[in-house]
Amino acid sequence: MDNRAFLDIFVRLGSLFCICLMITLFIGMVGVIFFQGFSALSFDLFSWQYSVENLSLLPALINSAILVCLSLMLALPLGVACGIYLAEFAKRSGVIGAMEIFISTLSGVPSIVFGLFGYLVFVVFCGFGFSLLSGVLTLFMMILPLIIKTTQESLKAVPAAYREGGLALGASRIYVVFYVLLPCAKGGISSGVMLAISRVLGESAALIFTAGTLAEIFSDTLSSGRSLSVHLYALLIEGLYTPQAYATASILVLLAIVFSLFSGLIKK
């Protein structure tokens, strides 16, 4: 057996081992969370108001839905528009190159950094306090680079012949972008949106410093509240409500799995 064949077998076996390891870890982690969490679920956990008796997760679940909707309302139009500009209209230059580097860098910045920035700017400097508005603006900054990058890469993946064909038929550049390229790239863009939703649902570090930890449903834009992940953190850090924390974690993981499956369906 020559070195090339041996290397090929080694790479195949190594890849298979890594795949099996990741599947085993995923099944083990999700299995433990679901086993512990579903056994702790009760009707009290879905009471309309939180109290020390019921430890309801419903207010936090509703708050998470509000945070997702409002942050997407801000980030989706602007993110898609910036992605279209960078992919189709921006001329290659040092400024555009630096902008793309900044966007890629912001996509990988830890959420705790966004939380600290949101606390200093929105909570303290702007005077919004621990509120829905501070949390939404911080989440908007977090998911905006992700949506921009996803939109840009999805448009770049569309074959150049589609652009050339549309322009050759006399269509304007704007028409080609909105009626030819965007429909072809909608699967990738939708997947990016699903990833952004999953990130908002699983975010806790940034929201602790901006939206606060009050166990109530947001009453207005300047009121405080906790998301589902912050609710999980609050239960676990007290050390007295581990079963309820597992129940909250099971709901959170279930939502993440549903959005991931939905993202795959949209892609297909």
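Some observations on this one:
- With a Förster radius of 25 Å applied to the C-beta separation of Met22 and Ile112, the computed FRET efficiency comes to 0.45.
- Once the Cα-Cα distance is subtracted from the 0.36 nm per residue extended length, the Phe43 to Thr242 segment shows a gain of 69.9 nm.
- Helical contribution to [θ] at 222 nm, DSSP H n ≥ 4, -39,500 (n - 2.57), averaged over the chain, rounded to 500: -23000 deg cm²/dmol
- Karplus-derived HN-Hα couplings along the range 106-117 (A = 6.51, B = -1.76, C = 1.60, θ = phi - 60°), whole Hz, x at Gly and Pro: 5, 5, x, 5, x, 5, 5, 5, 4, x, 5, 4
- Rolling a 1.4 Å probe over the heavy atoms of the protein chains gives the chain an accessible area of 56 Å² per residue.
- Net charge dipole size for the chain [Lys, Arg +1 and Asp, Glu -1 on Cβ; Debye, nearest 20]: 940
- Principal-axis tilt of helix 228-238 within the chain, Cα atoms, nearest 10 degrees: 40
- Relative to one another, the C-alpha centroids of the range 194-268 and the range 73-117 are positioned 25 Å apart.
- For the range 29-41, putting each phi into the Karplus relation 6.51 cos²θ - 1.76 cosθ + 1.60 with θ = phi - 60° gives couplings of 5, 5, x, 5, 5, 5, 5, 6, x, 5, 6, 9, 5 Hz, in residue order, rounded to whole numbers and with x for Gly and Pro.
- Candidates Ile251, Ile147, Ile23: whichever shows maximal mean-square fluctuation once the chain is modelled as a Gaussian network with Cα springs under 10 Å: Ile23
- Between Val193, Val176, Phe122, the Cα set farthest toward the positive side of the dipole of the range 119-207 (charges on each charged residue's Cβ, about the Cα centre) is that of Val176.
- Accessible surface of the range 1-111 [probe 1.4 Å, protein heavy atoms]: carbon and sulfur percent: 76
- Look at the alpha carbon pairs under 8 Å that are at least 6 residues apart: their mean separation over the length of the range 132-268 gives a relative contact order of 29 percent.
- With contacts taken as Cα pairs under 8 Å and at least 6 residues apart, the range 1-75 reaches a relative contact order of 13 percent.
The values are calculated or read from the model by the stated rules, or taken from the named source; none is laboratory data. Remember, it's a predicted structure, so these values are computed and weren't measured experimentally. Please note: Cβ atoms are built from the backbone with ideal geometry, for glycine as well, and neighbour counts cover all protein chains shown. When the accessible area is computed, the model is the full protein with side chains, heavy atoms only, and any ligands, DNA or RNA have been set aside. Shrake-Rupley method; radii C 1.70, N 1.55, O 1.52, S 1.80 Å.
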